[in-house]
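Engineer: To start, I am sharing the structure in question, which I have written as structure tokens.
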Amino acid sequence: MFAYYLELALRSLRRSPGLTALMVLAIGFGVAASMTTYSVFRAVSGDPIPWKSAQLFVPQIDNWGPKDRDTDGEPPSAMSYLDATTLMRDHRARRQSAMYQISPSVVPTQAGKHPLNVTGHAVYSEFFPMLDVPFLYGSGWSAQDDAQRAAVAVISSKLNEKLFGNVDSVGRTVNIEGRDYRVVGVIDHWNPQPRFYDVTNTGGFSENVEDVFLPFERAISVGLPNNGNTNCNATPKESGFVGLQHSECVWIAYMAELDDAAAVAAYRQYLDAYAKNQQKAGRFGWAPNNRLRNLPDYLQQQQVVPRDTKVSLLVALGLLLVCLVNTVGLLLAKFLRRSGEIGVRRALGAPRKAIYLQFLTEAGMVGAAGGVLGLLLTGVGVASVGLVLPKSISDLARLDLSLLAITLLVAVLATLLAGLYPTFRASRVQPAWQLKSN
Amino acid sequence: MHIKPILAAMRHHKAGTVLIALQIALTLAIVCNALFIIQQRIERMARPSGLDETNLFVIRSDWADKSDPQRIDAQMRADLIALRQLGSVQDAAPINSFPLLGSGWDNFIKLQPDQVKMTTDSAIFFSDEHALAALGTRLIAGRNFTASEVGAQQPRDAMHSAQVIISKDLAHRLYPDGSALGKTIYVSMGRRPSTVIGITDTLQAHMTGSWAGPYAYNAVLVPAQLLNDYTYYLVRARPGQLDAAMRDAPKALFAQSRMRIIDHKDGVMTFAQVRQRAYGPDRGMAILMGIISVVLLAITAAGIVGLTSFWVGQRRKQIGVRRALGATRGDILSYFLTENLLIGIGGVLAGVVLAFGINLWMVSQFETARLSLAYVASGVVLLLLLGQGAVLAPAVRASHVPPVEATRSV
């Protein structure tokens, strides 16, 4: 029976090619616009570390007080050196790392090669296991290396290729900012987007792969300055990078891994007790105003998803809605034009269910055709988002199997939905009236 | 025109009427908001920077040996002498950041040292006495820095300068009565005042984010070379010699010292490129909204053609009867045009409400601006005209139905 409906639908669609083409075009464009903008939205709003994000937390400590708070009462989004290093020393989470962005120069050993400017982070050893950083060769450094301020470095596979060619460089030496560091690990293509471990300095998205990671305290001790945002509520009393470390300026990102609700509650208590102590000591002239958000909440609070991306998606969904209303109208016209045919079928004994099946099949076919067109247009759309979006974001939009499946599914489901009312009307056609009037 | 019979006929195809009206309403609401976004972005992109953009380019030089500040200071001075000696270069200046760069140094500006809240926020540009000539920005009051006033500033030291030059807009923000010249202001969160010795014509800040909207034209020029790990050189080429200057300048710098990194991708940028980078997202958003609007209007027009054609086909017999009873072709034509106009008016009325509703919601969610009435009004006219245009072809076809159709049974 279904084959028969397919044949009927095909015949009917062929009878009015203009109208059919119009519906297919509308569905195709509507779905493609939605899916293209959705691919961008999906890319930027995705969870960068889904298997673990619920256990990763970002603490914020209010070391500035009410005078410098925004209207929303939020504490600064980064940490001062004093707070970050105290939290590291207390070591209350299962794993944790303070980190700051660096931009050292790397001098290749081969003669004749220009020095390179690279970006990276100064972090603690727990950074690598905490964020499940994948290694191509070697591994991160040890807690002992942290304590001893060892001259060790983890580099990206990209930098490894530039400096050493495609070989295991663990144990070899790299010259960073005029000092020699021993390579202990090479990271295997790791470029999470959003750059969740340091949103403050990247705004969430960055085209550049991080090339070097150095031990935090080593970087501090050799005076490797921070390259990211520095926000101050007062001029530091002393000058230089050391002055910055002694100031209330915020420039350090922090992340902690907490396994369960009890650990989170304990950590929260610890932060409040810390702030209370600072209040007692006279450093804070205000009650504790800390935050401890898990990664998804933190990314949302930091508004990592660009506004334009959300607006584009909404506008594209609006387009899809108009396309569907359009399709409802055209299907209605198409189905009711065949009132005579419906009357004959009903008079010959076809139940309403059969009419439903017949016309929904037809709507489904329009949807499938629109979906195929939508797939092609989505392909074109995703390939050309680079023309209208910044590279750091457009690079993230990808056409994959799930997007293809969603595109087809949305097209067919939406058209079936649009076909419901016209089909209902068609099924209500009175056979007697039709037969008489013709 | 008799409206009553049209309304009576509409009652017979309520669903179709409602669908077209709904489609027009949604289209109007979306297109109004999309056009509004486009207009805002175009307005943003058209903002003047206050610079001689056609002849300007910037070089970013990273120091490969980020050693001691004195050497950087000396290197910068040597670099600048070399740049200024080039035949293709009109003038050159060191600067830490520049209009539209997107990142840089901004400070709270205060009028009193004890003020708790800032008066306003401003970009801080560290440069020398060649800055104005290199930027191509005029002084409208006061004087330029002298070479002897130009000092050196380390990035993490407390910042101070006895003299500053400020932009016209900042001057107006601080002293609306126009008396800023010669006054003291506090530009560094410290307690030491700076005297305003000059006021420039329009000069844009480096900040491009939406948060910086109120401060977009606040700039303070400080007479000091910022001794960071890198510096920018603003180079203004002699008219027509931009290409030559862009070739000569990096060579001249490398001849000074090879211990520097000038990125092959964006180490040397024309100001046109800077502008493109700063406004790329705005241009992209405007294009995207444009494409969606065009597709929307096309689909709505096509939908009206489709449904009206169906109605014409359905009513051939009635049209024939009317023609046989003496109605002219013009009557039939205007019947369908009026019918469409009525539906269109219903649609745009709903659409206007929806457009403002969507905008209000966007204002609350995304802090966008309020939709102006002119946009909605032009959207209404656009959609009514679109409807009339779309209905024309089927209406003309209807008017060609011969009176003899009345006698045919099917």
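The values are calculated or read from the model by the stated rules, or taken from the named source; none is laboratory data. Fair warning: this is a prediction, and the values are worked out from it, not measured in the lab. Cβ sites come from the backbone with ideal geometry, for glycine too, and all protein chains shown count toward neighbours.
Engineer: With the condition kept exactly as written, say whether any residue in region A:243-258 is in a loop (DSSP other than H, G, I, E, B), at negative phi, in contact (Cβ under 8 Å) with a residue 12 or more places away in the chain and away from chain B (no Cβ under 14 Å).
Structural biologist: Scanning region A:243-258, I find at least one residue that is in a loop (DSSP other than H, G, I, E, B), at negative phi, in contact (Cβ under 8 Å) with a residue 12 or more places away in the chain and away from chain B (no Cβ under 14 Å), so the answer is yes.
Engineer: Applying the selection to region A:127-172, what residues are under 24 Å from the mean Cα position of the chain (by Cα) and assigned to a loop (DSSP other than H, G, I, E, B)?
Structural biologist: A:131, A:132, A:133, A:134
Engineer: I've got another one for you. How many residues, within region B:356-379, are in contact (Cβ under 8 Å) with a residue 40 or more places away in the chain, facing another protein chain (nearest Cβ under 10 Å) and among the hydrophobic types (A, V, I, L, M, F, W, C)?
Structural biologist: 2
Engineer: Do we find that residue A:429 is crowded, with 20+ Cβ neighbours inside 10 Å, more than 25 Å from residue A:33 (Cβ to Cβ) and within 14 Å of chain B (Cβ to nearest Cβ) in this structure?
Structural biologist: Yes; evaluated as a whole, the condition is true for this residue.
Engineer: Test of understanding: among B:202, B:195, which residue is surrounded by fewer than 22 Cβ atoms within 10 Å (Cβ to Cβ), in contact (Cβ under 8 Å) with a residue 24 or more places away in the chain and over 28 Å from the mean Cα position of the chain (by Cα)?
Structural biologist: Values: B:202 fails: over 28 Å from the mean Cα position of the chain (by Cα).
Result: B:195 is the single residue among B:202, B:195 that is surrounded by fewer than 22 Cβ atoms within 10 Å (Cβ to Cβ), in contact (Cβ under 8 Å) with a residue 24 or more places away in the chain and over 28 Å from the mean Cα position of the chain (by Cα).
Engineer: Could you give every pair whose Cβ atoms fall below 7 Å, whose first residue belongs to region A:300-328 and is more than 8 Å from every other protein chain (Cβ to nearest Cβ), and whose second residue is outside any helix (DSSP H, G or I) and modelled with pLDDT of 90 or more, counting only separations of at least 6 or pairs across chains?
Structural biologist: Once the first residue is more than 8 Å from every other protein chain (Cβ to nearest Cβ) and sits in region A:300-328, its partners that are outside any helix (DSSP H, G or I) and modelled with pLDDT of 90 or more give A:301/A:293.
Engineer: Turning to a different aspect of this structure: Listed residues A:68, A:83, A:90; which is in the same structural domain as residue A:233 (by TED's automatic domain parsing), more than 30 Å from residue B:258 (Cβ to Cβ), within 30 Å of the chain's Cα centre (by Cα) and among the charged types (D, E, K, R)?
Structural biologist: The unique qualifying residue is A:83.
Engineer: Take the conditions modelled with pLDDT under 95, in a loop (DSSP other than H, G, I, E, B), within 27 Å of residue A:40 (Cα to Cα) and assigned by TED's automatic domain parsing to the domain that holds residue A:101 and apply them to residue A:206. Does it pass?
Structural biologist: When the stated conditions are applied, residue A:206 passes them.
Engineer: Would region A:391-412 turn up any residue that is crowded, with 17+ Cβ neighbours inside 10 Å and without any contact (Cβ under 8 Å) to a residue 60 or more places away in the chain?
Structural biologist: The answer is yes; a qualifying residue exists.
Engineer: Only one of B:7, B:56 is more than 11 Å from chain A (Cβ to nearest Cβ), of a type outside the set (Asp, Glu) and more than 30 Å from residue B:300 (Cβ to Cβ). Can you tell me which?
Structural biologist: None of the other options fit; the residue is B:56.
Engineer: Being out of contact with any helix residue (DSSP H, G or I) (no Cβ under 9 Å at 6 or more places or on another chain), free of Cβ contacts under 8 Å to residues at least 60 places away in the same chain and polar (S, T, N, Q) is the filter here, so list the residues in region A:85-126 that pass it.
Structural biologist: Once the filter is applied, which keeps residues that are out of contact with any helix residue (DSSP H, G or I) (no Cβ under 9 Å at 6 or more places or on another chain), free of Cβ contacts under 8 Å to residues at least 60 places away in the same chain and polar (S, T, N, Q), region A:85-126 yields only A:117.
Engineer: Which number in (1) without any contact (Cβ under 8 Å) to a residue 12 or more places away in the chain; (2) more than 14 Å from chain A (Cβ to nearest Cβ) marks the one condition that residue B:335 misses?
Structural biologist: So the condition that residue B:335 fails would be (1).
Engineer: Here's something else I'd like to know. Does residue A:49 satisfy being touching a Phe, Trp or Tyr at 6+ places or on another chain (Cβ under 9 Å) and among the β-branched types (Val, Ile, Thr)?
Structural biologist: Judged against the criteria, residue A:49 is a match.
Engineer: Going by the structure shown, is residue B:385 modelled with pLDDT of 90 or more, farther than 14 Å from residue B:33 by Cβ and either surrounded by 16 or more Cβ atoms within 10 Å (Cβ to Cβ) or over 23 Å from the mean Cα position of the chain (by Cα) (or both)?
Structural biologist: On the way: modelled with pLDDT of 90 or more: yes; farther than 14 Å from residue B:33 by Cβ: yes; either surrounded by 16 or more Cβ atoms within 10 Å (Cβ to Cβ) or over 23 Å from the mean Cα position of the chain (by Cα) (or both): yes.
Spelling it out, residue B:385 is indeed modelled with pLDDT of 90 or more, farther than 14 Å from residue B:33 by Cβ and either surrounded by 16 or more Cβ atoms within 10 Å (Cβ to Cβ) or over 23 Å from the mean Cα position of the chain (by Cα) (or both).
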